[in-house]
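Report on one structure; see the data block that follows.
The values are calculated or read from the model by the stated rules, or taken from the named source; none is laboratory data. All values reported here derive from a predicted model rather than from experimental measurement. All Cβ positions, glycine included, derive from the backbone under ideal geometry; neighbour counts span all protein chains shown.
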Amino acid sequence: MTRVLLSLAVLAFFALCLYGMWHGWQRRARRQAAVLVDFPAVPTDTGAVLLETTGQYIGTTIGDNWQDRVAVGDIGHRAEAELRLTDQGVLIERAGASAMWIPRAEIESARTDRGLAGKVMTKDGLLVVRWHLGEQLVDTGFRGDDKDVYVQWVDALNTSAPRGSRPSRPSEGSAT
């Protein structure tokens, strides 16, 4: 009888932990939905494809916090994906989730990194695109099947990023 009660207690504790994680994810999604603008819709014509690769969409994080994963909608879910750079932006077609669109005018920079959204890799294991979602700076991470193409992606995105044409954005805490 003691073993049965102990087993039930462990199962109840496990269920309580799962509920707590689910509740925390839902609360994060509500909090972020209140401050983030809607993600851009994928246009009907995305333009000519310049680069293309396959891999895994890792996630999108807010600002410089590599662990503050965006939980709004299905944006926070990892998925197998195809990444396409077009002359109008970056298209991320995710298996089992909605496609993501990063307009070319919103791209700030691109880099390789070690970690994003709780995923830690070896040095330069992720391709990270930094872009503006409204006034919020976000990072979107992608782990390619072929990491040798990262150099092409970083060069293409950093060369074409219209940083100089973007209006300067006030930093947090600065007086306007």
Can you find a residue in region 33-48 that is surrounded by 10 or more Cβ atoms within 10 Å (Cβ to Cβ), assigned to a helix (DSSP H, G or I) and among the hydrophobic types (A, V, I, L, M, F, W, C)? yes
Among the residues of region 78-105, the number that are under 19 Å from ASP146 (Cα atoms) and either among the basic types (Lys, Arg) or out of contact with any strand residue (DSSP E or B) (no Cβ under 8 Å at 6 or more places or on another chain) (or both) is 3
- Query: If you go through region 28-39 one residue at a time, do you hit one that is touching a Leu at 6+ places or on another chain (Cβ under 7 Å), free of Cβ contacts under 8 Å to residues at least 60 places away in the same chain and more than 18 Å from LYS119 (Cα to Cα)?
  - Reply: no
Residue pairs within 6 Å by beta carbon, gap of at least six or interchain, first lying in region 1-27 and touching a residue at least 12 places away in the same chain (Cβ under 8 Å), second surrounded by 10 or more Cβ atoms within 10 Å (Cβ to Cβ), listed first then second, are TRP25/ALA71
Exactly one of GLY73, GLY47, GLY24, GLY89 is within 20 Å of ASN158 (Cα to Cα), modelled with pLDDT under 90 and either more than 14 Å from the chain's Cα centre (by Cα) or not charged (D, E, K, R) (or both), and that one is GLY47
message: It is to be established whether one or more residues within region 27-48 are in contact with a strand residue (DSSP E or B) (Cβ under 7 Å, 6 or more places away or on another chain) and basic (Lys, Arg).
response: no
Flagged in region 55-69 as in contact (Cβ under 8 Å) with a residue 60 or more places away in the chain and surrounded by 14 or more Cβ atoms within 10 Å (Cβ to Cβ), in numbering order, are GLY55, GLN56, TYR57, ILE58, GLY59, THR60, THR61, ILE62, TRP66
